[in-house]
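Structure, as structure tokens:
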Amino acid sequence: GYFVAYLNTENKNIETCKKLVIAEFEKIKNVTDQELNDAKTFLEGQFLLDNEDNLKRAFYLSFWEVVKDGKLADTYIEEIKEIKKSDVKKIALKYFHKNYLAIIISS
């Protein structure tokens, strides 16, 4: 997976915006119980709504088939429910730093 932040700003604000986005990503290292619960609820709801559409269901099945196994689409919600704050912190500490940062600037 990946994290993406998209913004549109004047060139003079690029450095400020970069710092703000990085600061927001840093906050994930200390996610609260409420924030984690809200994120899980959102992902579950989005997944369930998307699966009401046959085209989106086919997309999910093909995505998981390419990743590993199409049957993973059927356990996605259970896997999301199992995520703990410690899991989020572990991944955030591993990936949310300058070694994994890519910035694309387009004018």
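Details
- Net +/- balance of residues flanking Ile28 in space, Cβ distance below 10 Å, scoring K and R +1, D and E -1: 0
- Volume of the Cα convex hull of the range 1-75, divided per residue and given in Å³: 144 Å³
- Taken along the Cα-to-beta-carbon direction at a fixed 7 Å, the label points for Ser86 and Lys56 span 3.4 nm.
- Over all other residues within a Cβ to Cβ distance under 12 Å of Lys90, the charged ones net out to +4, with Lys and Arg as +1 and Asp and Glu as -1.
- Residues within the reach of a label modelled at Glu10 (point 7 angstrom out along Cα to beta-carbon, backbone nitrogen below 18 Å), restricted to the range 90-107, are 106-107.
- Other residues with beta-carbon under 10 Å from the beta-carbon of Trp64 carry, at +1 per Lys or Arg and -1 per Asp or Glu, a net charge of -1.
We did not get these values from a lab; they are worked out from the coordinates using the rules stated. Please read all numbers here as calculations on a predicted model, not as lab measurements. Ideal geometry is used to build each Cβ from the backbone, glycine not excepted, and the neighbour counts take in all protein chains shown.
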